[in-house]
Amino acid sequence: MTKSNEQARHDQERTPSAARPLALITGVGRTVGIGAGIARRLAASGWDIAYTYWGAYDDRMTWGREQGAAEAVGRDLAEQGASSVAIEADLADPEAPGRVFDEVEERLGGVTALVMCHCESVDSGLLDTTVESFDRHFAVNARATWLLIREFGRRFTAERGTGRIIALTSDHTVGNLPYGASKGALDRITLAATHEFAHLGVTANVINPGPVDTGWMTDEIKAECVRHTPLARLGTPQDTAHLVDFLCSREGGWINGQLLKSNGGIA
């Protein structure tokens, strides 16, 4: 029996491509997000892509859930010749990182690059942050980062010198205390892999992309960011994606243990 075009595409997305390394990218919940931009860029550079998303987070945010986003990203990746798999995962669950790696390995194989774009980000300050919110920020932004890196290190079998760990961070704290504080913990956790995974030949870096317009900025925030950026424009997901692409390349292999600011020089 002849398969339909849709079924054939479905099968292609879940069949690993020969000679293409695999990147696992977390936080790819919206087509306009940084995670989706990174996924498209790496796919164009010859990577297969596994990616996670968590729709319940978007439901709580002002922008809301983007219906069909995971499928749309998958179609974009297939156009670049990449096999892909999308996994919905609540990274506040300490069991989720292990389950994600299990499913990725079963469907696409071993992970060579781990790129962490997931986050919990709900504005609150010193006086109005709740204990529940504080704990959830640290569970998603710090603990899940550690557990994902731990799974990566335990399972890494790719060629020495090819492994990459990259996490996105932020230095914002005023009025955004639990987010900024948990991102500070993320920095330290990620950079620890620089030395602890040296025997694997894996590099670990953190990127601070500065404010990037992915649909959450008001007109006032946009104007303020442009006013304080020497290049007089807003950051885009593509700006971050190009840096991630370089760090994941052979040519980027000597950059290690760094917290890199890729923000257009914003003050």
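Any chance you could count how many residues in segment 26-63 are open to solvent by less than 10 Å² (accessible area, probe 1.4 Å), of a type in the set (Val, Ile, Thr) and touching a residue at least 60 places away in the same chain (Cβ under 8 Å)?
Final tally of qualifying residues: 4.
List the pairs whose first member sits in segment 208-235 and is within 18 Å of Gly265 (Cβ to Cβ), whose second member is open to solvent by 70 Å² or more (accessible area, probe 1.4 Å) and of a type in the set (A, V, I, L, M), and whose Cβ atoms are under 9 Å apart, counting only residues at least 6 apart or on separate chains?
Pairs that qualify, where the first residue is within 18 Å of Gly265 (Cβ to Cβ) and the partner is open to solvent by 70 Å² or more (accessible area, probe 1.4 Å) and of a type in the set (A, V, I, L, M), are Asn208/Leu259; Asp213/Val32; His228/Ala267; Thr229/Ala267; Pro230/Ala267.
Among the residues in segment 208-223, are any open to solvent by less than 40 Å² (accessible area, probe 1.4 Å), aliphatic (A, V, I, L, M) and under 15 Å from the mean Cα position of the chain (by Cα)?
Checking segment 208-223: at least one residue is open to solvent by less than 40 Å² (accessible area, probe 1.4 Å), aliphatic (A, V, I, L, M) and under 15 Å from the mean Cα position of the chain (by Cα).
Checking the structure you have, find out if any residue of segment 130-146 is within 20 Å of Lys261 (Cβ to Cβ), surrounded by 21 or more Cβ atoms within 10 Å (Cβ to Cβ) and of a type outside the set (Gly, Ala, Ser).
yes
Across segment 74-96, which residue is nearest to Ala43 (Cα to Cα) among those that are open to solvent by less than 50 Å² (accessible area, probe 1.4 Å) and in contact with a Phe, Trp or Tyr (Cβ under 8 Å, 6 or more places away or on another chain)?
Ranking the qualifying residues of segment 74-96, first place goes to Ala82.
So if I check each of Thr240, Thr173, which one is at pLDDT below 95 and touching a helix residue (DSSP H, G or I) at 6+ places or on another chain (Cβ under 9 Å)?
Thr173
Against the definition (within 30 Å of Glu132 (Cα to Cα) and not β-branched (Val, Ile, Thr)), how does Ser170 come out, yes or no?
yes
Only one of these conditions is not met by Thr112: (1) modelled with pLDDT of 95 or more; (2) surrounded by fewer than 19 Cβ atoms within 10 Å (Cβ to Cβ). Which number is it?
For Thr112, the exception is condition (2).
Mind telling me which of the residues Asp213, Asp239, Asp171 ends up being closer than 20 Å to Ala44 by Cβ, among the charged types (D, E, K, R) and touching a strand residue (DSSP E or B) at 6+ places or on another chain (Cβ under 8 Å)?
Matching residue, one of Asp213, Asp239, Asp171: Asp239.
The values are calculated or read from the model by the stated rules, or taken from the named source; none is laboratory data. The structure presented is a predicted model; accordingly, all values stated were derived computationally and were not measured. Heads up, the Cβs are rebuilt from the backbone with ideal geometry, glycines too, and the neighbour counts pull from every protein chain shown. Please note that ligands, DNA and RNA were not included when accessible areas were found on the heavy atoms of the full protein model with its side chains. Shrake-Rupley method; radii C 1.70, N 1.55, O 1.52, S 1.80 Å.
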